[in-house]
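Here's the structure, in structure tokens; my notes come after.
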Amino acid sequence: MAAKNSSVTEFILEGLTDQLGLRIPLFFLFLGFYMVTVVGNLGLITLIGLNSHLHTPMYFFLFNLSLIDFCFSTTITPKMLINFVSRKNIISFTGCMTQLFFFCFFVVSESFILSAMAYDRYVAICNPLLYTATMSPQVCLLLLLGAYGMGFAGAMAHTGSIMNLTFCADNLVNHFMCDILPLLQLSCNSSYMNELVLFILVAVDIGLPIVSVFISYALILSSILHISSTEGRSKAFSTCSAHIIVVLLFFGSGAFTYLKPPSILPLEQGKVSSLFYTIIVPMLNPLIYSLRNKDVKVALRRTLGRKIFS
């Protein structure tokens, strides 16, 4: 498989660094990051699955967030680790487009899952008496299907636009993965219109969730300020704090990478910000929710207690 009207059948991923002395230390560093990501996210998935008191809308979305983070990291990190120990990290055109598709799918899906989680917190704090009816299993399933549907649509749009480009001779991708901006730079017929389409798609995929999160938390803040007791306000803030941290980390690094023209943000800086939301954020998410969530801590103690007792 090759691109339409293209002579390129494979790409070479440049990776994070061309300094040989740094490759082995970086290999073990990112291998450690990946192991923490796998253990953290699969552990959170297992805890939610095994503990019935966590079978609520909030943890339903958290379950899917951890699943996305695990798959997201697995799409990127193993190939990057290979680059540290191989002389030339070659990826076929088919493999590159496959990685790009799943990368876009998981990024867009996660952004809308975070938006759904913000709506869940809004209902829980602003309309607690109607929470069970509003966040019914049917509504949660529709929100989840909507998130995955937007992820699939975004992935198809981005991957389709890249596959319609022509790649003539240069096949060295200045990145550790098949990302959109580095591939646009390699294209013979890439133009301002391609970058404009990318900007619009990213603005929709990131902009819509950001707006919905902002509206949800503006309403939540207004509701919290009307709570008379200090204990009630503190409890409401603690309910949202973990999600706010995750939202800031994910959307902040993503917007910094894609909502600026490539002329303003060089690819070298783009690689660093991409590294943050593809490697660091999926590793931090389960840690943030575990360390700042009493229900998860209780579930962990109960699960470990059952294992020790048995």
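Please list 69-79, 42-52, 93-103 highest first by mean number of surrounding beta-carbon atoms within 10 Å per residue. Walk me through the intermediate numbers first.
Numbers: 69-79: 20.4, 42-52: 16.8, 93-103: 18.8.
The packing order, highest mean first, is 69-79, 93-103, 42-52.
Which one, Ala299, Ala133, Ala242, has the greatest fluctuation when you compute a Gaussian network model over the chain with C-alpha springs under 10 angstrom?
So, out of Ala299, Ala133, Ala242, the one fluctuating most is Ala133.
Pop a pseudo-label 7 angstrom from the Cα along the beta-carbon direction at both Phe27 and Asn164 and give the gap in nm to one decimal.
About 4.1 nm, to one decimal.
Give me the net charge for the shell around Cys104: Cβ to Cβ below 15 angstrom, other residues only, Lys and Arg +1, Asp and Glu -1. Before the final figure, lay out the partial values.
Working: positive: none; negative: Glu110, Asp179, Asp205.
Combined, the nearby Lys, Arg, Asp and Glu give -3.
Any idea how far apart Ser229 and Val272 come out in nm if each label point goes 7 Å out from Cα toward Cβ?
4.7 nm
Please give the FRET efficiency for Leu142 paired with Leu20, using the beta carbon to beta carbon distance and R0 = 41 Å, rounded to the nearest 0.05.
Details: r = 52 Å, r/R0 = 1.26.
Between Leu142 and Leu20 the formula returns 0.20.
Please report the accessible area of Arg302 (heavy atoms, 1.4 Å probe, ligands and nucleic acids excluded) in Å², nearest 10.
120 Å²
Just want to confirm a number: the relative contact order over the chain, from Cα pairs under 8 angstrom separated by 6+ residues, in percent. Intermediate results must be reported in sequence, preceding the final value.
Details: 367 pairs, mean separation 85.3, N = 310.
Once divided by the residue count of the chain, the mean separation gives 28 percent.
How high is the FRET efficiency between Tyr131 and Arg301 when r is their beta carbon distance and R₀ equals 22 Å, given to the nearest 0.05?
Details: r = 26 Å, r/R0 = 1.19.
Efficiency for this residue pair is about 0.25.
Using a 10 Å cut-off on Cβ atoms, rank the peptides 206-213, 105-112 from the highest mean neighbour count down. Provide the component values of the computation, followed by the final result.
Values: 206-213: 18.4, 105-112: 25.4.
Ranked from most to least packed, the peptides come out as 105-112, 206-213.
How much length would be gained if the chain were fully extended between Thr46 and Ile90, taking 0.36 nm per residue of separation minus their Cα-Cα distance, in nm to one decimal? Present the calculation step by step, with values, prior to reporting the outcome.
Working: separation 44, 0.36 × 44 = 15.84 nm, distance 3.54 nm.
Full extension from Thr46 to Ile90 adds 12.3 nm.
Go ahead and run the numbers for FRET between Leu219 and Gln185, Cβ-Cβ distance against an R0 of 35 Å, rounding to 0.05. It would help to have the intermediate numbers written out before the result.
Values: r = 42 Å, r/R0 = 1.19.
My answer for the efficiency is 0.25.
The values are calculated or read from the model by the stated rules, or taken from the named source; none is laboratory data. Here the structure is a predicted model, which means the values were calculated and not measured. Methodologically, a virtual Cβ is constructed for each residue, glycine included, from the backbone with ideal geometry; neighbour enumeration extends over all protein chains shown. Note: accessible area is taken over every heavy atom of the protein model, side chains too, but ligands, DNA and RNA are not part of it. Shrake-Rupley method; radii C 1.70, N 1.55, O 1.52, S 1.80 Å.
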